[in-house]
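The values are calculated or read from the model by the stated rules, or taken from the named source; none is laboratory data. Since the model is a prediction, treat every value here as computed from it, not as a measurement. FYI the Cβ positions are ideal-geometry reconstructions off the backbone, even for glycines, and counts take in every protein chain you see. We work out accessible area using only protein heavy atoms, side chains counted, and drop any ligands, DNA or RNA first. Shrake-Rupley method; radii C 1.70, N 1.55, O 1.52, S 1.80 Å.
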Amino acid sequence: MVTQPAHIRGSGLFKNLLRRLRASLSQQSELAYLSRQDIDFIARELNLSTSDFRALAQSPSLPELLSKRLARAGISEESLASAQGDVLRDLQRVCGLCYAKARCAASLKREKPASAVKYCPNEATLHALAREADNTCSTLGIDANPSCSGIRSDSHCSIRR
């Protein structure tokens with residue numbers, strides 16, 4: 001779901017709301033075509049509980065929010081996926097089930113990169129990943145440079161997990 005700029009007139013706002021409503025109804029009706037066994041199977045395949053799968057399928061998703069949070073923490077999403085895919089999937093699940101998406105989007109627009117976000121359920125994990133990356137550098141005798149870990153955003157690092 002993409003928010004529209006504030007300067008959109010009433011008809012543009014109505015079209016946006018109508019588009020979002022149609023998308024929501026479409027998601028719900030697609031889920032209605034699946035049997036309970038199909039839903040359970042898909043949830044197991046995604047390593048989710050059935051209730052989490054239903055909640056994720058029916059809630060509006062903003063996948064770019066997690067990508068931005070990872071970038072703010074200096075963590076490469078691609079490197080995290082290859083080094084710790086299970087952690088990334090858990091971050092995605094928690095972000096998808098979060099009720100503070102609008103607050104998150106607004107804070108990402110105005111906050112400085114180093115500021116902590118107390119309402120974000122993924123904040124502790126993001127902080128731990130950033131600290132782990134820094135500790136990897138220290139253990140290997142490398143200056144605490146954000147570019148030295150395999151999950152850090154900067155790609156000129158020669159250390160990989």
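At a glance:
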item: Any chance residue 36 is within 30 Å of residue 130 (Cα to Cα) and basic (Lys, Arg); result: no
item: Within region 114-135, considering residues that are open to solvent by less than 80 Å² (accessible area, probe 1.4 Å) and at pLDDT below 70, the one farthest from residue 59 (Cα to Cα); result: 115
item: Residue check for residue 19: open to solvent by 90 Å² or more (accessible area, probe 1.4 Å), at pLDDT 75 or above and more than 24 Å from residue 125 (Cβ to Cβ); result: no
item: Residue list for region 88-113, filter: within 24 Å of residue 46 (Cβ to Cβ), open to solvent by 40 Å² or more (accessible area, probe 1.4 Å) and aliphatic (A, V, I, L, M); result: 97
item: Matching residues, region 54-93, being in a helix (DSSP H, G or I), at pLDDT below 85 and more than 17 Å from residue 122 (Cβ to Cβ); result: 54, 57, 58
item: Whichever residue in region 40-53 is of a type in the set (S, T, N, Q) and assigned to a helix (DSSP H, G or I) and, among such residues, is surrounded by the most Cβ atoms within 10 Å (Cβ to Cβ); result: 50
